[in-house]
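All of the numbers you see were taken from the coordinates with simple rules; none came from a lab. Note that the structure is a prediction, hence the values are computed from the model and not measured. Note: ideal-geometry Cβ built from the backbone for every residue, glycine included; neighbour counts use all protein chains shown.
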Amino acid sequence: MSNPLSYVGSEDSSPWHTYLSQVDRVLPYLGNLARWAETLKRPKRALIVDVPIEMDDGSVRHFEGFRVQHNLSRGPGKGGVRYHPDVTLEEVMALSAWMTIKCAGVGLPYGGAKGGIRVDPKTLSHKELERMTRRYTSEIGIIIGPQRDIPAPDVNTNGQIMAWMMDTYSMNTGSTATGVVTGKPIHLGGSLGRVKATGRGVFVTGREAARRIGLKLDGARVAVQGFGNVGSAAAELFVGAGAKIVAVQDHTGTLVNKNGFDMQGLMATVRRDGGVGNFKEAERVDNESFWDVDCDILIPAALEGQIDTARANRLKAKLVLEGANGPTLPDADDVMRERGILVVPDVICNAGGVTVSYFEWVQDFSSFFWTEDEINVRLDKIMVDALKHIWDTADKHKITLRTATFAVACERILIAREERGLYP
Ligand SMILES: NC(=O)c1ccc[n+]([C@@H]2O[C@H](COP(=O)([O-])OP(=O)(O)OC[C@H]3O[C@@H](n4cnc5c(N)ncnc54)[C@H](O)[C@@H]3O)[C@@H](O)[C@H]2O)c1
């Protein structure tokens, strides 16, 4: 019998495998710090919790919950909570690790963490969703906290879920702790600009990348996979800059409109039905055809592992903006580089959300709130400066923006690791 895999081992094509391959690619650029690199390949702490709840019909169901703190060398853990039937420990490990890289890449004083529950939340009632969220929060309450690890929204979680998490943590600790989660509703210590911040960051990095490769946004054709929080906010900003959305795909189907979608109508359909599928003013095509759509910019903003080598070989886009975490497999990265397609990687492209989460956390501590303009201006500057530094690193070593982001981030993480030293 062969040895079962260690929990830090990886199955091919899993998100954790993708992350480990990305770390291996950066090792040659880390100099003496490479001796600490193993620290990047092991999550510091992984908590698996049983989440039992009483359903509305009186039965009891158990859900698997996770919270992983990948690295805390630079500060408390930071990362979203995902509700999805495919959530696994391995996936949460990868997502937490990308948070470590992302926070260091934009220079935020955080480590990386992530959480999730293996559930399809669409099958739960509002009350069941609340009970599950509260029990999960209580279970992970032993490792989260405003100075320890600060959750936020991710796929299928939102401001309401953050409000329940904040309230549950506060009830358990005896005082209102707004800083324990970010992405909260505004009247509970949330920040203006947070809901659309990830999409805004995708737009800002996309705007800068387009400028550098001489691609005009005015008239540019954009295809978006995933029309949730990230995809829809990014799409709106691109349309505002003169681009047109020519294809959208979500879990309800794939739609194409060469003349550009009417965004208001599309957004109204998504608000009403929870997906793009029923929007009439477009042609419905099979899901796989999404990857053949004639476009200039492609924004994957759904789930991991979407761009494999076969799809990378078919893409028409000149620029890929990774709104989602981990949408590209490592071999597909090589194909896109060879084909001259520029990829702005997740670890910088979608860092706008965590950046405004950081603003929210800072505002909560000082109980002093900024205007939306202040937030957007600061977000823009942080993202532009971070991308410039990454671009310079890429030019210096002649490496992709992904490996350059890892180089910048891993150096910061491992310097912190070295300076703190090993305890005891
Ligand atoms: N919300 C944030 O602030 C944030 C920050 C950084 C990164 N991200 C990443 O962005 C991605 C999207 O997150 P979100 O917050 O927009 O989630 P969301 O739940 O608001 O939206 C997810 C979207 O993906 C679509 N989708 C799901 N399964 C699909 C499938 N099989 N094929 C095509 N589309 C599918 C859904 O229909 C929906 O439109 C995730 O990878 C997430 O980790 C989110």
Give me the net charge for the shell around Val87: Cβ to Cβ below 9 angstrom, other residues only, Lys and Arg +1, Asp and Glu -1.
-1
For the range 1-123, how big is the tail of P(r) above 26 Å, as a whole percent of Cα pairs?
28 percent
GNM of the chain, Cα pairs under 10 angstrom: of Pro330, Pro43, Pro85, the biggest fluctuation goes to Pro85
Cα gyration tensor, the range 267-405 - rounded (a/c under 1.5), prolate or oblate
oblate
The chain: relative contact order as a whole-number percent, Cα under 8 Å and 6+ apart
16 percent
By the Cα gyration tensor axes a ≥ b ≥ c (a/c under 1.5 gives rounded; else a/b larger than b/c gives prolate, otherwise oblate), the shape of the chain is rounded
Quick one: Ser191, Ser125, Ser59, Ser14, fewest Cβ neighbours within 10 Å first, how do they rank?
Ser59, Ser125, Ser14, Ser191
For the pair Asn287 and Phe369, how long in nm is the line joining their label points, each one 7 Å along Cα→Cβ?
3.9 nm
Mind telling me which of Gly105, Gly231, Gly58 comes out most flexible in a GNM of the chain, alpha-carbon contacts under 10 Å?
Gly58
With no solvent and one equal point scatterer placed on each C-alpha of the range 328-396, evaluate the Debye formula and give log10 I(q)/I(0) for q = 0.12, 0.15, 0.17, 0.22 Å⁻¹, two decimals.
-0.46, -0.64, -0.74, -0.98
Would you mind ranking Cys295, Cys103, Cys349 by Cβ crowding within 10 Å, fewest neighbours first?
Cys295, Cys103, Cys349
Looking at the range 173-324, what % of the alpha carbon pairs are farther apart than 23 Å?
37 percent
Taking a ≥ b ≥ c as the square roots of the Cα gyration tensor eigenvalues, with a/c under 1.5 meaning rounded and otherwise prolate when a/b beats b/c, else oblate, which class fits the range 361-424?
oblate
Neighbour-count ranking [beta-carbon atoms within 10 angstrom, fewest first] of Val270, Val68
Val270, Val68
Of all DSSP beta bridges located in the chain, what percent are antiparallel, nearest 5?
50 percent
So how far apart, in nm, are the two label points at Met263 and Ser21 if each is 7 Å from Cα heading toward Cβ?
3.4 nm
Once you've got the GNM for the chain with C-alpha springs shorter than 10 Å, pick whichever of Val155, Val81, Val347 has the biggest mean-square fluctuation.
Val155
With the cut-off at 26 Å, tell me which of the pairs Lys41/Lys381; Lys78/Lys381; Lys102/Lys196; Lys41/Lys184; Lys318/Lys396; Lys258/Lys316 have Cα atoms farther apart than that.
Lys41/Lys381; Lys41/Lys184
Quick check: pseudo-label points 7 Å beyond the Cα along Cα→Cβ at Leu188 and Asp218, how many nm apart are they?
4.4 nm
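Just subtract the alpha-carbon distance of Met171 and Asp294 from 0.36 nm times their residue separation and send over the number in nm, one decimal.
39.0 nm
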Cβ-defined net charge surrounding Ala34, 13 Å radius [Lys, Arg +1; Asp, Glu -1]:
0
